[in-house]
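Below you'll find the structure, written out as structure tokens, and then a few comments.
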Amino acid sequence: MGMFGAIDAAASGLTAERLRMDVISNNIANANTTRTAEGGPYRRQMVMFQPRNGSQSTFSQIFSQQMEAGSGVRVVGIVKDESPTKKMYDPNHPDADKQGYIEMPNINIVAEMVDMITATRAYEANVTAVNAAKSMALKALEIGK
């Protein structure tokens, strides 16, 4: 892999992690949304990554494949988490059922914050990789002087 391949792979990671942070932010912002346009509470969303040269994988598999192949990553899509929603008792809420329970989104704020920290660190790692490749290119140009 050449110098520009390293920058390209890191740039794909930057784009993917930026989208991941946006989706996580959206999840946190909708943690209390009990009514959506589709009906029912907001459902947690997740970003699915895929290596540019491979099949759909989990995040850790993608990371190890990216380190081996150096080809980068792409976003396959954004999927809704179909895990069960939470029930909360609030008979005065406008979305409460006859028993007084409302359906709350399936969002765990602590898990979302951990995901946000992970995405931020991955973004920072990709920035560091781009800067290292740029620095190596500049040093290579100095050799020719």
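The values are calculated or read from the model by the stated rules, or taken from the named source; none is laboratory data. This one's a predicted model, so the numbers in the text were calculated from it and none came from an experiment. Ideal geometry is used to build each Cβ from the backbone, glycine not excepted, and the neighbour counts take in all protein chains shown. Surface areas here come from the heavy atoms of the whole protein model, side chains and all, with no ligands, DNA or RNA. Shrake-Rupley method; radii C 1.70, N 1.55, O 1.52, S 1.80 Å.
Listed values, structure above:
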{"quantity": "Difference of contour (0.36 nm per residue) and Cα-Cα distance, Lys98 to Thr118", "calculated": "3.1 nm"}
{"quantity": "Backbone HN-Hα couplings from phi across segment 72-84 [Karplus 6.51/-1.76/1.60, Hz, Gly and Pro as x]", "calculated": "x, 9, 9, 8, 7, x, 10, 10, 8, 6, 8, 5, x"}
{"quantity": "Solvent-accessible area per residue for the chain (1.4 angstrom probe, square angstrom)", "calculated": "63 Å²"}
{"quantity": "Nearest-20 debye value, segment 1-51 charge dipole, Cβ charges on Lys, Arg, Asp, Glu", "calculated": "240 debye"}
{"quantity": "Cα-derived Rg to Rh of segment 103-145, Kirkwood definition", "calculated": "1.45"}
{"quantity": "Share of carbon and sulfur in the accessible heavy-atom surface of the chain [1.4 Å probe, %]", "calculated": "57 percent"}
{"quantity": "Leading residue at positive end of dipole, the chain (Cβ point charges), from Asn26, Met136, Asn106", "calculated": "Met136"}
{"quantity": "Helix-only CD estimate at 222 nm, as mean residue ellipticity for the chain, using -39500 (n - 2.57) per DSSP H run (n ≥ 4)", "calculated": "-18000 deg cm²/dmol"}
{"quantity": "At R0 = 35 Å, FRET efficiency that the Cβ-Cβ distance of Met136 and Leu19 yields, to 0.05", "calculated": "0.80"}
{"quantity": "Size of electric dipole in the chain: Cβ of Lys, Arg +1 and of Asp, Glu -1, about Cα centre, debye, nearest 20", "calculated": "320 debye"}
{"quantity": "When the convex hull of its Cα atoms is projected in every direction, mean area for the chain (nm²)", "calculated": "10.4 nm²"}
{"quantity": "Karplus (6.51, -1.76, 1.60) ³J(HN,Hα), θ = phi - 60°, over segment 101-114, in Hz, Gly and Pro reported as x", "calculated": "9, 10, 8, 9, x, 8, 10, 9, 4, 5, 5, 5, 5, 5"}
{"quantity": "Built amide H within the under 5 Å cut-off of Arg74, gap 5+", "calculated": "Gln50, Arg52"}
